[in-house]
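Values in this text are rule-based calculations from the coordinates and carry no lab data. Predicted, not measured: the structure shown is a model, and the values here were computed from it. Here the Cβ is made from the backbone with ideal geometry for all residues, glycine too, and neighbour counts use every protein chain on show.
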Amino acid sequence: MLNRRRKDLFEDILEDIDDMIRGMFESRIDTEEMGEPLVWGYSMTQHGNEPPEIREFGNVSLRDEMFSGLGSEHQGGAAHVEPGVRKPLVDIMEAEDSLHVVVEMPGITKEDVSLDISGTVLNIKATNGDRKYSERVELPVKVLADSAKATYKNGVLEVVFKYDRSDKKSIKVD
């Protein structure tokens, strides 16, 4: 009986995945009018027992289309296309004393990159001819904006921040 329930659950999951894939193919994106390739991908990161973090990259956003059948909190429409602008692949790594944001943006130079930070949001933009990248990165922790050091080499941008530990206080135990 337990095996039957597991089999039914597995079949339900496969059916949901099939519906999502079918929905992506049925979304109406006219690539001939755009005149440029469509790029889409995702990366998934999981730390310990935390829920996985899934990020999209490319110039097409399929998140609304993929989750449209999963409930009212995920309702969306057709796939969203941002002509000419790509979302780069971003990876965030927390070290002992610093936060590293690594961004893949091939085909540009360091002079093409524009960075600004406000609170825990890092905005990244880069333009070089027909190559355009734009991303808004939500940082997982507070950082010192003045400590930022950015390097760009071989298509990879790395921004390193020191943690903002100004609100950290010691507590005396009685």
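Note on Ala95 and Thr151: their simple-model spin labels are 0.9 nm apart, each label 7 Å out from Cα toward Cβ. Subtracting the Cα-Cα distance of Val141 and Glu53 from their residue separation scaled by 0.36 nm leaves 30.2 nm. The loop-placed trypsin sites (Lys or Arg not before Pro) in the stretch 92-174, going by DSSP, that have at most 16 neighbouring Cβ atoms within 10 Å of their Cβ come out as Lys142, Arg165, Lys168, Lys169, Lys172. Within the stretch 87-174, the GluC sites (Glu not before Pro) that combine a DSSP coil assignment with at most 13 other C-beta atoms in a 10 angstrom radius are Glu96.
In this simple spin-label approximation, Thr127 and Asp164 carry label points 7 Å from Cα along the Cα→Cβ vector, and these lie 2.9 nm apart. List the pairs from Lys142/Lys169; Lys87/Lys142; Lys87/Lys132 whose alpha-carbon separation is above 20 Å, in the order I gave them. Going by Cα-Cα distance, Lys87/Lys142 fall outside the 20 Å limit.
Across the stretch 93-108, computed HN-Hα scalar couplings (Karplus, 6.51 cos²θ - 1.76 cosθ + 1.60, θ = phi - 60°) run 10, 9, 9, 4, 10, 8, 10, 10, 10, 10, 10, 8, 9, x, x, 10 Hz from first to last residue, x flagging Gly and Pro.
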